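The values are calculated or read from the model by the stated rules, or taken from the named source; none is laboratory data. Model, not experiment: these values are computed from the prediction. All Cβ positions, even for glycine, are placed from backbone atoms using ideal geometry, and neighbour counts span all protein chains on display. Heavy atoms of the whole protein, side chains included, go into the accessibility calculation; ligands, DNA and RNA do not. Shrake-Rupley method; radii C 1.70, N 1.55, O 1.52, S 1.80 Å.
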Amino acid sequence: MLRVEHLTKIYPNGTVALKDVSFEVPDGEFLVVIGLSGSGKSTLLRCINRLIEPTEGKIYWNDVDITAASPAQLRQIRRQIGMIFQQFNLVRRSKVITNVLAGRLGYVNPWLSLLGIWPAEERRRALAALERVGIADKAYERADALSGGQQQRVGIARALMQEPRLILADEPVASLDPVLAHSILQYLEELNKEGVTVICSLHFLDLVHRYATRVIALKQGVKVFEGKPQEIDRQRFKEIYGEEAQEVRAASL
Amino acid sequence: MSERKWLLSAFLPGAGQFLGGRRYRGGAILLLWLILVVIVAAYGQPIWWISPILIWLWNIWDAFHLQRLGREASLFLPLLAGLSVLYGIGWQITQIDLRSADMRRALQIVRPMLRPDFVQPRRELNQMWVEILVPCKENPPRAFNKLDGKTAMATPDCARVGEVVIVSVQGLWPNTDTQIWWQTPIGDPKMLGPNESQMLILPTDDNGALSATIRVPTTALVAAPDPSLALPHRVYFDQYRNVGGWELSFNGREVLKGAGVTIAMALMATVLASLFAIPISFLAARNLMGGHPVTFAIYFAVRTFLNVLRSIESLILALIFVVIVGLGPFAGVLALALHSIAALGKLYADVLESIDPGPIEAIRATGANWAQVVRYAVIPQIISPFVAFTIYRWDINVRSATIIGLVGGGGIGYLLVELIRINDMRGVSAVFITIAVIVIALDVLSARIRERLV
């Protein structure tokens, strides 16, 4: 159970990215966050694992206050929260397997990891994670040799290594074409069915309808909607995205 | 009157254009013309007054053109006239004098350079000597020596400076040129040829025997503590013959040694510099230091310092370090290192500024600690460009180290200066060739390695 209470983020330059946002995410939910670019979706996701420090408000993860955690506690919390990024955020020059193993950094002996020594068990786990996303044969290639869809699968494998209880996915398919979008989101859906809570920001309404169990919408940092995906009709959509917005259908779905 | 406005240009260049509404053109013509006049007046030989006169005439033509035809005259003539006078004065100032180029002197220098002194045919030495007492004393020992089937003798057994002595030797190689020279008791060699400034060289006969008339060198006793004390001097007979194959000459060995020193200097300096430049570069990276006014001030100070340091040539630094630590490779290493710290610091900082923040965010999100983030998100991004830039710097430093040798920084450059001073042009050309080979080889090597890294 994740509980966000009165979350506010004001950047040093005065931009108000989030304004008094509160919501709850019960375990096992697939929560989709929608909103225009700059509406605060990314900031919200990054506040949850404190990649960005919230200005005000509390975030409870299984009744532990993330916002008050010490650095050591925070690392303990972070390692249970996998994160997937729009730009994949792989180390492009490193091998795929190294990128995947990096997901395990919160668990292994830090000294050995600094020397680049990984137990055989962890290597097996990494190969299994790559197997699961269907690119085990790419394990020893450089990350930048892979296509966009493959790179995002590496990103998912990295998150899998964390044995996450929660996955934060920041526009995971915005850089991919629509066909690939489904294959990526299906992995998240699968994980979700296994009991992992997913919080995912998305652009395409079709994808929202297809995957979300619940939706919240942000507009200029304020939560303007919370409810079932079916409740978002064209009227609501226009409210969230503004009058001029036209629903772009992810083609060939 | 108004139709004749262009005529004003005949009295003052640019006036016609100015009054005709082309103020900038008129002003520029006047200003540039005056500058030209001042330059010609200051440096000039009378012939160069042609140029301002031509421009003055052109200026009248231009004013006429503008007023009557509404078009500007071509700028070609004044530009040509102005530039040629500037070039002519430049010629005069830089003291170009083609008559000073002495072809004979040039050939004296270039001809030996066509035969670089690097290797020589491998030779073996056949040597014999005989001892003779200088000056005489009573009952001198016989000037006779027998060694390995060779005999040598001198008559008389003793002599004073300047006296004639007949020396003869038997059992040497037949029909072979033999160098005959004098050695004083303290080991100084003296030549026995004309004016005592050339080597006496005579061939042996069919039986390997030779006899020669020599004079005891006038300088034989110059360094003797007591010239009246009779001491044994030696006359040497040296024969050389090729035994096939080649070996490094003396200069060749020195050149190789110098090249080794130069490459090592560059290597030491580069490693030393990169050790310092790595931490400094973190302070000079805007993305790491921009967050806070204090860190930004440090960033700014470090960047400024690097830029100032980088603007001082390593050659200048070497001159200073030679004063501080003395002549030799160490001064060169320090100079190269200091300059390289600045250059590498900036290059490294540029690399750091261009790293992708995404992976850092991703690794932090896995629960990694600070060191793990650096190890898994920062270092993989910077290691290849850092290594590539360091190799590139080493390449540059080898070239600089050669120059630094010229001012006393050791290595092959220092050898080069010494060879030029003693006018050993064959050695100089061996140095040139070696430098070229090193630079080209290193250039190719570093390009290959960088290609694979980037």
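When Rg and the Kirkwood Rh are both derived from Cα coordinates, the Rg/Rh ratio for region B:2-93 amounts to 1.02. For chain A, the solvent-accessible area with a 1.4 angstrom probe is 44 square angstrom per residue. For the protein assembly as shown, the Cys residues with no second cysteine's beta carbon closer than 4.7 Å are A:Cys47, A:Cys200.
For A:70-77, what's the mean count of beta carbons from other chains sitting within 10 Å of each residue's beta carbon? Each step should come with its number before you reach the end.
Working: counts 0, 2, 1, 0, 2, 6, 1, 1.
Average neighbour count from other chains, rounded to a whole number: 2.
Its alpha carbons give region B:192-301 an Rg and a Dmax of 32.7, 95 Å. Derived value for chain A: Kirkwood hydrodynamic radius 18.8 Å. Basis is the mean of 1/r over every pair of different alpha-carbon atoms. Relative to the globular-protein estimate of 2.2 N^0.38 Å, the Cα radius of gyration of region A:138-253 stands at 1.16.
B:Glu72 contributes an accessible area of around 90 Å² to the protein surface, as traced by a 1.4 Å probe with all chains present. When you restrict to C-alpha pairs under 8 Å that are six or more residues apart and normalise by the size of region B:121-248, the relative contact order lands at 36 percent. Here's how it looks for B:Val119: its modeled amide H is under 5 Å from those of B:Ser249, which are all 5 or more places away or on a different chain.
Using a 10 Å cut-off around each Cβ of peptide A:94-103, what is the average number of partner chain Cβ atoms that fall inside?
Across A:94-103, the average partner-chain Cβ count within 10 Å equals 3.
Just the accessible area per residue of region B:179-334, please: how many Å² with a 1.4 Å probe?
55
B:Ser84 exposes around 70 Å² of accessible area when a 1.4 Å probe is run over every protein chain in place.
Per residue, the average separation of C-alpha pairs within less than 8 Å and at least 6 apart gives chain B a relative contact order of 14 percent. Expressed as a whole percent, the accessible area of region A:90-163 that falls on carbon and sulfur atoms is 52 (1.4 Å probe).
With K and R counted +1 and D and E -1, the other residues having a Cβ less than 14 Å from that of A:Gly221 yield a net charge of +4.
Can you tell me what percent of all Cα-Cα pairs in region B:250-453 are more than 32 Å apart? For region B:250-453, the fraction of Cα-Cα distances above 32 Å is 28 percent.
Rolling a 1.4 angstrom probe over region B:66-216 with all protein chains present gives an accessible area of which 55% lies on carbon and sulfur atoms.
Buried accessible surface for the A/B pair, both sides summed and rounded to the nearest 100, is 2100 Å² with a 1.4 Å probe.
For region A:79-86, putting each phi into the Karplus relation 6.51 cos²θ - 1.76 cosθ + 1.60 with θ = phi - 60° gives couplings of 5, 8, 10, x, 9, 10, 10, 4 Hz, in residue order, rounded to whole numbers and with x for Gly and Pro. Local charge for B:Pro385 was computed over the other residues whose Cβ lies under 14 Å away, with Lys and Arg +1 and Asp and Glu -1, and equals +2. The spread of Cα positions in chain B, taken along each principal axis and listed from longest to shortest, comes to 116, 85, 44 Å. Per-residue packing, averaged as other Cβ atoms within 10 Å, sorts the ranges B:245-253, B:274-282 into the order B:274-282, B:245-253, beginning with the highest. Computed as a quarter of the hull surface, the mean projected area of the alpha carbon convex hull for region A:90-163 stands at 4.3 nm².
Net charge of the neighbourhood of A:Glu24, taken over other residues with C-beta under 13 Å away and scored Lys/Arg +1, Asp/Glu -1, is -1. In this structure, the amide hydrogen of A:Ser22, modeled 1.01 Å from its nitrogen in the peptide plane, lies closer than 5 angstrom to those of A:His6, A:Leu7, counting only residues at least 5 positions away or on a different chain.
Overall size of region B:262-351 from C-alpha positions, given as principal axis extents largest first: 46, 21, 16 Å.
Just to confirm the filter: which GluC sites (Glu not before Pro) across region A:116-205 are DSSP coil and have at most 13 other Cβ within 10 angstrom of their Cβ?
A:Glu194
Region A:87-124 and region A:201-240 have their alpha-carbon centroids 36 Å apart.
The listed residues B:Met268, B:Met289, B:Met113, once ranked by accessible area (1.4 Å probe) with the largest placed first, stand as B:Met268, B:Met113, B:Met289.
Residues B:Val164, B:Val85, sorted by accessible area with the largest first, give B:Val164, B:Val85 [1.4 Å probe; ligands and nucleic acids excluded]. In order along region B:126-139, the phi-based Karplus estimate (6.51 cos²θ - 1.76 cosθ + 1.60, θ = phi - 60°) of 3J(HN,Hα) comes to 10, 10, 9, 8, 9, 9, 9, 8, 9, x, 6, 9, 6, 6 Hz; Gly and Pro are listed as x. With every protein chain in place and a 1.4 angstrom probe, the accessible-area ranking of B:Tyr24, B:Tyr299, A:Tyr11, largest first, reads B:Tyr24, A:Tyr11, B:Tyr299.
Using the Karplus relation 6.51 cos²θ - 1.76 cosθ + 1.60 with θ = phi - 60°, the per-residue 3J(HN,Hα) values for region A:224-233 come to 10, 7, 8, x, 6, x, 5, 6, 7, 9 Hz, with x marking Gly and Pro. For region B:121-248, the Kirkwood hydrodynamic radius comes to 15.1 Å, computed from all pairs of different C-alpha atoms.
Oblate is the label for the protein assembly as shown, because a/c, from the alpha-carbon gyration tensor with a ≥ b ≥ c as root eigenvalues, is 1.5 or above and a/b does not exceed b/c.
Estimated at the nearest 10 Å², the accessible area of A:His203 is 70 Å² with a 1.4 Å probe. Relative to the dominant Cα principal axis of chain B, helix B:329-353 is inclined by about 30°.
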